[in-house]
1. Could you tell me whether GLU87 is of a type in the set (D, E, K, R), out of contact with any Pro (no Cβ under 9 Å at 6 or more places or on another chain), at pLDDT 90 or above and in a helix (DSSP H, G or I)?
2. Hey, does the range 24-37 have a residue that's of a type outside the set (Gly, Ala, Ser), without any contact (Cβ under 8 Å) to a residue 24 or more places away in the chain, farther than 27 Å from ASN9 by Cα and assigned to a helix (DSSP H, G or I)?
3. Got a sec? Which of LYS76, LYS86 is basic (Lys, Arg) and either within 43 Å of the chain's Cα centre (by Cα) or under 30 Å from ASN9 (Cα atoms) (or both)?
4. Residue by residue through the range 136-188, note down the ones that are modelled with pLDDT under 55 and not in a loop (DSSP other than H, G, I, E, B).
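The values are calculated or read from the model by the stated rules, or taken from the named source; none is laboratory data. Being a predicted model, the structure only gives us computed values, none of them experimental. Every residue, glycine as well, gets a Cβ built from its backbone with ideal geometry; the counts of neighbours run over all protein chains shown.
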Amino acid sequence: MITIDEIKNVSFRKAGRQGYMADDVDAFIDEVIVAFEQLKKEKTNLVHKIDVLATRVEQYRADEETVRNALLASQKVSDACIREAKEKASKIVREAETKAQQLLVDTNRMTATEKENYLLLQSDAVKLKGELVELYKKHLQMINDLPTAAELEAARQQLNEKYPTAPVMEEKPQETVKPAEPVAVEVKKPEEIKEKADITSDSEDDNTEKKSPKFGHLKFGDNYDVSAD
């Protein structure tokens, strides 16, 4: 492949009068050089772009691998979650069905028990009703056996005719009220009251004089001589 330097350094031989004109050849060569230089720049740009694109492709491939691994991991996690959710759902459904079945059995048993209790209560009610009716009949018969007012009056008349009695008037004894007895009150004269007061005062003075100190014979003091006694 021809290069730009070869184009620049190319030379043509002279062919006499029928040869090419040097100016035209030089002008053409200049145009070729410009075109080749532009092509070289474009090639360089394209190579650079290709390198950039190749780098990006490699990066995309690495990212793609990472994304693929992430997708695989997320797919695995998703599958595990779905599987676990299905297992839990199945377990919950089984437990719910078991509880519902047990609840149905318990409900039927309770219904049967309540029905039996209701029938027993109805039977007791019927029995109690019969007993109350019989008791009511007995009480009604006892009430009917009681005498009426007319029968009672007729019986009273028969007794009065068969056993006549005269009315008896009872006399109440009269109570006697005793008069109150007089109470004797002794009235003393003023002279007697004064004499009694004087006698009481004299007796108190005599008692005071008769009393003597219990330790009157004892002598005390700093100047007292014990040997004098």
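1. Considered against the rule, which asks whether it is of a type in the set (D, E, K, R), out of contact with any Pro (no Cβ under 9 Å at 6 or more places or on another chain), at pLDDT 90 or above and in a helix (DSSP H, G or I), GLU87 comes out as yes.
2. No.
3. Among LYS76, LYS86, only LYS86 is basic (Lys, Arg) and either within 43 Å of the chain's Cα centre (by Cα) or under 30 Å from ASN9 (Cα atoms) (or both).
4. Correct list: empty.
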